[in-house]
Amino acid sequence: MKIITNLKDLQEERRTLAQSEKSVGYVATMGYLHEGHQALMKRSKAENDITVLSIFVNPLQFGAGEDFETYPRDIVRDQQIAAQEGVDIVFMPDASAMYPGVSTIKLHVTDRADVLCGKSRPGHFDGVVTVLAKLFHLIQPDRAYFGLKDAQQVAVVQAMVQDLNFPLEIVPVATVREADGLAKSSRNVYLSEHERQEAPVIQQALQQAKQMIADGENEAENVITHVKEFIISKTSGRIDYVEILSYPALKPVKDVSERIIIAAAVFFEKARLIDNLVLEADGSMMDRF
């Protein structure tokens, strides 16, 4: 496994790979790797000759008062996990390398970003697409793998790839969960013992929404109300949002007559947790993109 920190070294390595005509899979992370990241690496290894993993805590996607400085980091452990999963190249740049000066060009997401997480985190997805555009240019992957835990991010990145004609495939991968249903997340370490016991309620509420739709409830507001009431009654958390939108367009819907995402975000004392389900009109889980 090669560890690269310099942009020029990465570009040179990529030129060598191009000459070999090997396919390249890419997993973008901010480190503090967990089983969700490992699922992305495994998928990439299964579908490509070479797998590249990036570890970069991107300052552009953190807003004022968010946890950029305290975001969990463990580079040694991350490298061990990457080696265990058979990653070929780990790219670990620092911020000064990725952003060496004031940018003269800015990317701005004009659609799919003003709902869900984007509503309460203005500029977040601008930072996401900026760093990914740079990383896609540097790594030039054939496929890039993203977890559906952040399904809004998947929708935004798919749109960017289409709009800017990146010659790569975005591969969404199902959310990896703990045994009690909690979505794997680097931020789960922020939860207190009591909050950790409450956190699976978010997924339980979404599963109840799924059952309501399967049983014939097609009024989105009725489903949203039930999810909110369930979370409020079962946790000490504060709801940021519960929304039902079309997917991947992320437009408001009044009734559940198309593919939708039902998504929730809940604030605990030191963690903001997100989760979602993407459902077909009959309430079944989406099985293809």
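What follows is calculated from the coordinates using simple rules that are stated; it is not laboratory data. Predicted, not measured: the structure shown is a model, and the values here were computed from it. With ideal geometry, Cβ positions are generated from the backbone for all residues, glycine too; neighbour counts draw on all protein chains shown.
Structure notes:
- Structure remark: mean-square fluctuation, Gaussian network model of the chain, C-alpha springs under 10 Å; the largest value among 33, 164, 182 belongs to 164.
- Note, ³J(HN,Hα) from phi for the stretch 94-100, Karplus 6.51, -1.76, 1.60, rounded to Hz, x at Gly and Pro: 9, 4, 5, 6, 6, 10, x
- Placing a label point 7 Å from the Cα of residue 2 along the Cα-to-Cβ direction, the residues of the stretch 47-86 with a backbone N closer than 19 Å are 48-56, 79-80, 82-86.
- Legend: calculated FRET efficiency, residue 74 to residue 281, from the Cβ-Cβ distance at R0 = 41 Å, rounded to 0.05, equals 0.45.
- Nearest 10 degrees, 0 to 90: helix 201-214 Cα axis against the chain principal axis: 70 degrees
- You can think of it this way: the chain between residue 222 and residue 95 has 41.2 nm of extra reach, that is 0.36 nm per residue less the Cα-Cα gap.
- Ordered by the number of other Cβ atoms lying within 10 Å of each residue's own Cβ, fewest first, 262, 239 fall into the sequence 239, 262.
- Listing 261, 202, 3, 170 from fewest to most neighbouring C-beta atoms within 10 Å gives 3, 170, 261, 202.
- Neighbour counts of other Cβ atoms within 10 Å put 17, 206 in the fewest-to-most order 17, 206.
- Each peptide among 241-249, 80-88 gets the average number of other Cβ atoms lying within 10 Å of its residues, and from highest to lowest they stand as 241-249, 80-88.
- Note on residue 257/residue 211: beta-carbon distance plugged into 1/(1 + (r/R0)^6) with R0 of 22 Å gives a FRET efficiency of 0.80.
- Helix 35-47 and the longest principal axis of the C-alpha atoms of the chain enclose an angle of approximately 60°.
- Dipole magnitude for the stretch 167-289: computed about the Cα centre from +1 point charges on Lys and Arg Cβ and -1 point charges on Asp and Glu Cβ, it is near 420 debye.
- Phi angles of the stretch 66-75 translate, via the Karplus equation with coefficients 6.51, -1.76, 1.60 and θ = phi - 60°, into HN-Hα couplings of 8, 9, 4, 5, 9, 4, x, 9, 7, 5 Hz per residue; Gly and Pro are given as x.
- For the chain, the longest principal axis of the Cα atoms and the long axis of helix 7-20 meet at an angle of about 80 degrees.
- Gain upon complete extension [residue 64, residue 236; 0.36 nm per residue less C-alpha separation]: 59.5 nm
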